[in-house]
């Protein structure tokens, strides 16, 4: 079974401070990992995916297979980063080849 | 492209009533799915479809039915609404079931069951 754990429900930082949103996963194969973001009262949108190794809005995330983690990081948080962040996993075998499993989300608040 | 659209935006039902949440996409996507979003629970998959005429159950399918008669539409039916179905419902779609395909989400339907 695939599982995604986001240990922090809430995370509050000050503007300009570094931020790290934690994500750990459980999956026996080679999964795809994603971060989705949901701004207040808006739809979910893809922030980044591990396979692209990209930086979006200053955020990066590295897949650590040894620690089964995909933490989201940003060196200097901005107020507009305040949102709900979801880590998600997609498996690569059989029936799990396209279904996304989401973590429970972390609500990030960036204070001025 | 309108992307993924959902109607209605808000709905209030009484226990036992039935209704259909509409979802449509104009991107010719194969894969469509329904999630519910509850505080502290994240998003949970209700049903999904890998193409017209093909549907399957997700993590929390009880109390919901779906059909996929066309590529564009993927309605979600509540046969007899219960207060436990109070939630925000999101529809999503992606071009195919292959890896590296982004899922696009609709704006959501906020449902309250009294």
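Readers should treat all values here as calculations from the given coordinates under stated rules, not as data from a laboratory. Since we're looking at a predicted model, the values are computed, not measured. Glycine gets a Cβ as well: all are built from the backbone with ideal geometry, and neighbour counts include every protein chain shown.
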Query raised in the report: Roughly what would the spin-label model give for residue A:55 and residue B:77, points 7 Å off Cα along C-beta, in nm?
Result: 5.1 nm
Query raised in the report: Relative contact order of chain A: what whole-number percent is it, with Cα pairs under 8 angstrom and at least 6 residues apart?
Result: 38 percent
Query - Pairwise centroid distance, computed over Cα atoms, of segment B:28-56 with segment A:19-53, Å - result: 17 Å
Query raised in the report: Given labels modelled 7 Å from the Cα in the Cβ direction, how far is it in nm from residue A:45 to residue B:14?
Result: 4.1 nm
Query raised in the report: Using the C-alpha gyration tensor of segment A:1-89, what are the square roots of 5 times its eigenvalues, in whole angstrom, with the largest one first?
Result: 22, 14, 13
Query raised in the report: For labels at residue B:26 and residue A:107 in the simple 7 Å Cα→Cβ model, what's the distance in nm?
Result: 3.5 nm
Requested in this report: Grab the eigenvalues of the alpha-carbon gyration tensor for the protein assembly as shown, scale each by 5, take roots, and send me the semi-axes largest first in whole angstrom.
Outcome: 29, 21, 16
Query raised in the report: Which stretch or stretches of segment A:98-112 have amide N atoms under 13 Å from the point lying 7 Å from residue A:15's Cα along the Cα→Cβ direction?
Result: A:110-112
Report task. Compute the normalised compactness of chain B: alpha-carbon radius of gyration over 2.2 N^0.38 Å, N being the residue count. Result -> 1.00
**Report entry** Exercise: per-residue mean of other protein chain Cβ atoms within 10 Å, B:36-45
**Finding:** 5
Report summary line: Descending packing, highest mean Cβ count within 10 Å first, for B:86-95, B:34-43, B:7-16 is B:86-95, B:34-43, B:7-16
Report task. Return the average number of partner chain Cβ atoms within 10 angstrom of each residue Cβ along peptide A:28-39. Result -> 1
Requested in this report: Over the whole of B:105-111, what's the average partner chain Cβ count within 10 Å per residue? Rounded to a whole number, please.
Outcome: 3
Query - Calculated P(r) of segment B:6-70 - Cα pairs past 20 Å, % - result: 33 percent
Requested in this report: Hey, for a label at residue B:84 modelled as a point 7 Å past Cα toward Cβ, could you say which residues of segment B:30-65 have their backbone N under 14 Å away?
Outcome: B:60-64
Query raised in the report: When you count, for each residue, the other Cβ atoms within 10 Å and take the mean per peptide, how do B:63-71, B:18-26, B:103-111 rank with the highest first?
Result: B:103-111, B:18-26, B:63-71
